[in-house]
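Working notes, structure below.
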Ligand SMILES: [Zn+2]
């Protein structure tokens, strides 16, 4: 059974694997850090958050300062999907962000029906029905 | 003698001896500081004997439900009363709440539209009043008493919020408490407006009211009121809003009496307690539904409002069975002379509010939502500051604290078979607004803040874009106010009021909601000034989710040494009603242009000088390459996004004149970008071997842990220190002006040396 853990990651419970939900690439052991199976790129934040104020005129331009902020981009090696972005400080070890108890997860899903897609958001409240007096004439 | 030695000595005493010691200590306490026992326990207590009697019987659930409905109607009514009558700008636009607590002081229900944090924090002062004042012969507790309070160390978010707290009696017996809280603004601090970034000690922060009785027999005591009015810049505000909060409490009490007259006291007491126990049970059930494990997130705050430095907010959530632990250890230490520290109680209340707004918004709003959750902190850290640390601008870490559970819980809840709300990237999380002070065109002294603090952009969801400038991160029914109304009262004119800020957003498959630009200037007053109290000008404040990007970094921009009203009269075409154009063109003759970080301490503003800020965007969700090209075009058409960014960031190929997408070319461009990612991305092991350093970059002023939460780094360069997280001591920062003076003196010395040499 597959459990959808994020927009791009699933855990295959039987095989205990992190998988890419876009291309089924086997990223790594579910008991480990999925990031270890991804590609990483150190993105200069100015390439994403472009300077809008003229950098020749101003020190602060709406761009993050590249010495104060880097964006680690984690790509699926199978399909190139951007699985995670991590806003961090230069040199800071990437976070082992998702560290789940796989035995507990198996026990939890043992009696749950398999899901074919992630659960939808709860529906917006339906508009209140006006009370009709049924005067049909 | 320390508390510890007292405890150890007390262990060897008999019960009688112990009671004697307790009595002695109670009668000989020099100063009733905040009570650790109260302040460090956020959970609701056990049932009282009365609650046990009522609930162990068989209360009629139908009657309890009718009571609940009547109480919520009363809370809603009193919320509206305060909003309609309140004087504070915060009250007019919804920064308020009314609440009902059990006889023991546990929060049971708040006004449905109200700001949860305000009530979620009031149980602390109520428990203090019950423990100390009720039994004190010089104070006591009677029908018609009203207690005022604002000091965070006794339980509050920051001391610009003031509460009125009243006990409610039935046939001589205390049956509940009611409260009403408003973000008042002005509080007599060293800077006007109640949020002093310049405060260097708690003595600079204005009124610090431990809970005291200002209302007796439903009447405001004029002597105490005068003392309070005498201590703040806006005596009118202080008086009017005490009256407004008192009347809201009185109305709540009337409604409670009517409920008891109709349904009986037991149904009322049972309903209050059941509200708490039902939420507690439901929260435990929901935690059991989550996967067991740990999710780690972190955030960096990039300034103290006085200087720029990087402060780590370390956060992990561990779920095991029905237990949830929020671990904030390894975060930044406290600053002994900066006002951005927060108390543990304020922190917990904001974290709890995050759960109520963003994780389980369908639950009744009370503190039981947080009772099953444990919070771990390092004492004397930014997030659990000592009694002596200033905290008037605790919003700096607290606004982030609403985001931390959002980031972490998305990773626990994505897999859930049933959702209680959408999957949400972070809301924008900075208190961006103008704080102001001075003498108005009506010759009144005032100081307060603009309700634009309520215009934070919403985060993207997993199935749609975020909403623009939708609400503050701490509430959802607050508005940004009517500018015309403000301009009538204040010598402030908005050249641009709320213009969505193009290209400044969290990009993603679904993008964050945008904030808006504001251009503001003073008019009709020669004694006026502004301040701003935000961070995130170097390191973005709101992050994205699952591949989405965060908000950009927002500067403050100024055009000084010019009177824009003269320009508009003589040469209106020179002016640009757009922050980016105005700043980049620099067309106003003689004007000085500059950008600065968002923490501006109070600054006098001459008439016609222009101050500009942007409200922020929420985080984006998902990979930009998955964004529907038609949604990209919609953003371009609505002038939220530049065509260049549509091409270069979203890789959409389109005709700029018609905005018609070339679907095949777009697919090819996106495929090419995916291939480019595969080429530039490096395998993790290889990447971290190069990337990771043993400590923060040497030249970066950094505060907090790096790889080990036990080791706290503080400072930069040669003065950087390592502290033990278990024995943290506060950090004292040098005055930025002293540093600047030293820098300039060194320059002068160097110039003199060169001159002498030449
Ligand atoms: Zn893939």
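One table, with the values for the structure above:
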| quantity | calculated |
| --- | --- |
| Inter-chain shielding of B:671-677 (mean C-beta neighbours from other protein chains, 10 Å cut-off) | 4 |
| Cβ-based exposure ranking for B:186, B:626, in which fewest neighbours within 10 Å come first | B:626, B:186 |
| Residues A:85, B:294, sorted so that the one with the fewest Cβ neighbours within 10 Å comes first | B:294, A:85 |
| Distance (nanometres) between label positions extended 7 Å along Cα→Cβ at residue B:72 and residue A:16 | 4.7 nm |
| Label-point separation in nm, residue B:231 to residue B:746, each point 7 Å along Cα→Cβ | 4.3 nm |
| Percent of Cα-Cα distances greater than 20 Å, calculated over the stretch B:422-622 | 55 percent |
| When the stretch B:531-586 is reduced to its Cα atoms, the Kirkwood hydrodynamic radius in Å | 14.1 Å |
| Within the stretch B:52-78: backbone nitrogen closer than 17 Å to the residue B:262 label point (7 Å, Cα to C-beta) | B:60-78 |
| Cβ-Cβ FRET estimate between residue B:288 and residue B:729, R0 fixed at 41 Å, reported to 0.05 | 0.55 |
| Sites residue B:638 and residue B:16, calculated FRET efficiency, Cβ-Cβ separation with R0 60 Å, nearest 0.05 | 0.20 |
| For residues of B:683-694, the mean tally of beta carbons on other chains within 10 Å | 5 |
| Alpha-carbon Debye profile of chain A, log10 I(q)/I(0) at 0.10, 0.20, 0.21 Å⁻¹ | -0.53, -1.14, -1.20 |
| Square roots of 5 times each gyration tensor eigenvalue, C-alpha, chain B, largest first, Å | 43, 32, 29 |
| Among B:596-606, B:742-752, the order from most to least packed when residues are scored by Cβ within 10 Å on average | B:596-606, B:742-752 |
| Percent RCO, i.e. relative contact order, over the stretch B:371-486, from Cα pairs under 8 Å lying at least 6 residues apart | 18 percent |
| Tensor-based shape of the protein assembly as shown (alpha-carbon gyration tensor, a/c under 1.5 rounded, otherwise prolate or oblate) | rounded |
| Shielding by partners - mean other protein chain Cβ count within 10 Å, residues of B:414-427 | 4 |
| Full-extension gain in nm, residue B:139 to residue B:753, via 0.36 nm per residue minus C-alpha separation | 214.2 nm |
| 222 nm mean residue ellipticity, helices alone, for chain B (DSSP H n ≥ 4; -39,500 (n - 2.57); rounded to 500) | -10500 deg cm²/dmol |
| Computed label-point distance, nm, for sites residue B:379 and residue B:721 using a 7 Å Cα→Cβ extension | 1.9 nm |
| Förster radius 56 Å - calculated FRET efficiency between residue B:603 and residue B:41, Cβ distance, rounded to 0.05 | 0.85 |
| Chain B: angle of helix B:395-413 to the longest principal axis, Cα-based, in degrees nearest 10 | 90 degrees |
| Principal axis box of the stretch B:567-654, alpha-carbon based, largest edge first, Å | 48, 32, 17 |
| Highest to lowest packing among A:14-24, B:299-309, A:68-78, scored as the average C-beta count within 10 Å | B:299-309, A:68-78, A:14-24 |
| Extension gain, residue B:240 back to residue B:421 (0.36 nm per residue minus Cα-Cα distance, nm) | 61.2 nm |
| Kirkwood Rh in Å, taken over all unlike Cα pairs in the stretch B:140-299 | 18.2 Å |
| Footprinting exposure proxy for B:731, B:157 (fewest neighbouring C-beta atoms within 10 Å first) | B:731, B:157 |
| Full-extension gain in nm, residue B:53 to residue B:487, via 0.36 nm per residue minus C-alpha separation | 150.6 nm |
| Mean separation of Cα contacts under 8 Å (6+ apart) over length of the stretch B:422-622, as relative contact order % | 31 percent |
| Dimensionless Rg ratio for the stretch B:679-749, taking C-alpha atoms and the 2.2 N^0.38 Å reference | 1.57 |
| Cα gyration tensor shape of the stretch B:20-94, rounded if a/c is under 1.5, else prolate or oblate by comparing a/b with b/c | oblate |
| Taking chain B and dividing mean pair separation by its residue count, relative contact order in percent (alpha carbons under 8 Å, at least six apart) | 12 percent |
| Compactness index (Cα Rg / 2.2 N^0.38 Å), the stretch B:686-727 | 1.23 |
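None of the figures in this text is laboratory data; all of them are computed from the coordinates on show. Here the structure is a predicted model, which means the values were calculated and not measured. In this analysis, Cβ positions are derived from the backbone assuming ideal geometry, glycine residues included, and neighbour counts consider all displayed protein chains.
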